[in-house]
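Below: one structure, written as structure tokens.
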Amino acid sequence: MPYPASVTRLEQGFTLEPGDAVTSEEPAVAAQLVSGVRADTGLELTTGPAGRIRLDLDASQAGAEGYELTVGPDGARISAATPEGLFRGAQTFRQLARERVLPGVRISDRPRYAWRGAMLDVARHFRPVADVKRFVDLMAAYKLNVLHLHLTDDQGWRIAVPGWPNLTTVGASTEVGGGPGGFYTAADYREIVRYAQERFVRVVPEVDVPGHTNAALAAHPELTCDGVAPEPYTGIKVGFSALCPGKPETARFLADVLKELAALTPGRHLHIGGDEVEKLSEREYAQIVELAAQAVTANGKEVVGWQEAGATALPPNALVQYWQTNGGPEVVERAVARGAKVIMSPASRVYLDMKYDDTTRIGQTWAGTTEVDDAYDWDPATLIDGIGDDRIEGVEMALWTETVVTMNDVELLTFPRLPAIAEVAWTPQSQRSFDAFAARLAPMATVWDRWGVDYHRSPRIAWP
Ligand code: TNX
């Protein structure tokens, strides 16, 4: 899971034994396979020469993330054109290894979409580096490859920026409900990037402008039009804050913030937010979004924005993130007509902060309740008329954290919807059905128990 593009049963497999070696010219990927199998089953494999499990680079394999996995009587072989492909294949091997008796099989696999993301809102409630790493591990096990960090919002600013000291001394000191907040130093952020990179997950940082900026305005009142700092905000309303249009400080702020994010981020994309602004005219809104987009481009990066930003003059290679189920398509269609591609994040399917049902102890319901079959049973290519796979960059789930206080809360809302949405993003539509998915999902609970991951025991699944 996610189900591969092609699976062929073979006559005979083999039984894994403790001490079986993983042999590879990519020792880091081999070591990760060993620790993955240990985490899933307790079984101790080793790395070394002439093992029964081989990970081989093979330039003839298709695509950066594609791989082939063959299990026969003599052992298992994963081949891929890149270390990334080997890593994706290793996740499939981990799932087969759950039974110890590996079935004979030939799997030929590659992702449907290049962008398979999860957004974590560390602004409404801060998460320390260790929690973010755990989240990356959970993502990587299901072949997700983009961690979108929502770093700033009304309730907190979570990243240090040189020249703007109050962003962390003041802006980071709040969160929803009045807790202590927190922020990442450059070293913290780099550590997250490094850890994610090792797992072939790239980090896309988001600084949300021009709205969702109360924490920044409270910290640096020169960014407001009247120069007066607003009160810190720890509630959960949206839409009430905005940077001051036309002020030179606003331009300097955007330039400094995006320069720092670009310097810290090896990946191509920076997310500039752009959602839910009620306090600016269309022209004022566009002016600030376009300034932010120019700062992204000036630093050699590419722009991602929430769908509303699609109404502005974004660069032609921009990505717009569709989130609304109502009223959203038009602005996305306009951006696509000018060259943008789309990340599909329909709230009623992939907002992990929506409750599963009325009894879920945390979460919101403004986009409805979202059981695991709702998260699974949709096709990104039929969501918006005229926007098919050639204009879709990928799929991203989003965990907003207004009601999410602990890592346990994160896990409860994320599982089992994460694997469901990972399959939407990876598996060809023709290979997907909820019933087949549900049958493969149920036994995963055993592994989640081993990982110590909390999950929603959905009544739609026949759990063991
Ligand atoms: C909408 S979706 C938001 C967030 C909230 C979320 C809560 C989007 C781009 N903005 O500010 O946290 O709803 O579900």
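The values are calculated or read from the model by the stated rules, or taken from the named source; none is laboratory data. Predicted model only: the values in this text are computed from it and were never measured. FYI the Cβ positions are ideal-geometry reconstructions off the backbone, even for glycines, and counts take in every protein chain you see. Heavy atoms of the whole protein, side chains included, go into the accessibility calculation; ligands, DNA and RNA do not. Shrake-Rupley method; radii C 1.70, N 1.55, O 1.52, S 1.80 Å.
Restricting the first member to the range 337-359 and to residues that are at pLDDT 95 or above and away from the ligand (no atom under 16 Å from the Cβ), and the second to residues that are open to solvent by 10 Å² or more (accessible area, probe 1.4 Å) and of a type in the set (Asp, Glu), the beta-carbon pairs closer than 9 Å and six or more apart or on different chains are 341/390; 341/393. Note on the range 235-291: residues that are within 14 Å of the ligand (Cβ to nearest atom) and more than 21 Å from residue 313 (Cβ to Cβ) amount to 8. When residues in the range 1-31 are screened for being outside any loop (DSSP other than H, G, I, E, B) and over 30 Å from the mean Cα position of the chain (by Cα), 6 of them pass.
Looking only at the range 346-405, which residues are hydroxyl-bearing (Ser, Thr, Tyr) and within 20 Å of residue 235 (Cα to Cα)?
From the range 346-405, those hydroxyl-bearing (Ser, Thr, Tyr) are 348, 351, 356, 359-360, 365, 369-370, 376, 382, 401, 403; that's our starting set.
Scanning the range 346-405 gives 351, 365, 401, 403.
Taking the listed residues 168, 174, 152, the one that is in contact (Cβ under 8 Å) with a residue 60 or more places away in the chain, of a type in the set (Val, Ile, Thr) and open to solvent by 20 Å² or more (accessible area, probe 1.4 Å) is 174, with no other qualifying. Scanning the range 32-56 for residues that are among the aliphatic types (A, V, I, L, M) and either assigned to a strand (DSSP E or B) or loosely packed, with under 13 Cβ neighbours inside 10 Å (or both) returns 50, 53, 55.
Note on the range 241-343: enclosed helices (runs of 4 or more DSSP H) holding 1 or more residues that are small (Gly, Ala, Ser), open to solvent by 30 Å² or more (accessible area, probe 1.4 Å) and within 17 Å of residue 207 (Cβ to Cβ) are 248-264, 282-298.
From the set of residues in the range 374-415 that are away from the ligand (no atom under 16 Å from the Cβ), part of a helix (DSSP H, G or I) and without any contact (Cβ under 8 Å) to a residue 40 or more places away in the chain, which is nearest to residue 448 (Cα to Cα)? Here the answer is 382. Filtering the range 393-424 to residues that are open to solvent by less than 10 Å² (accessible area, probe 1.4 Å) and among the β-branched types (Val, Ile, Thr) leaves 395, 401, 404, 410, 414, 421, 424.
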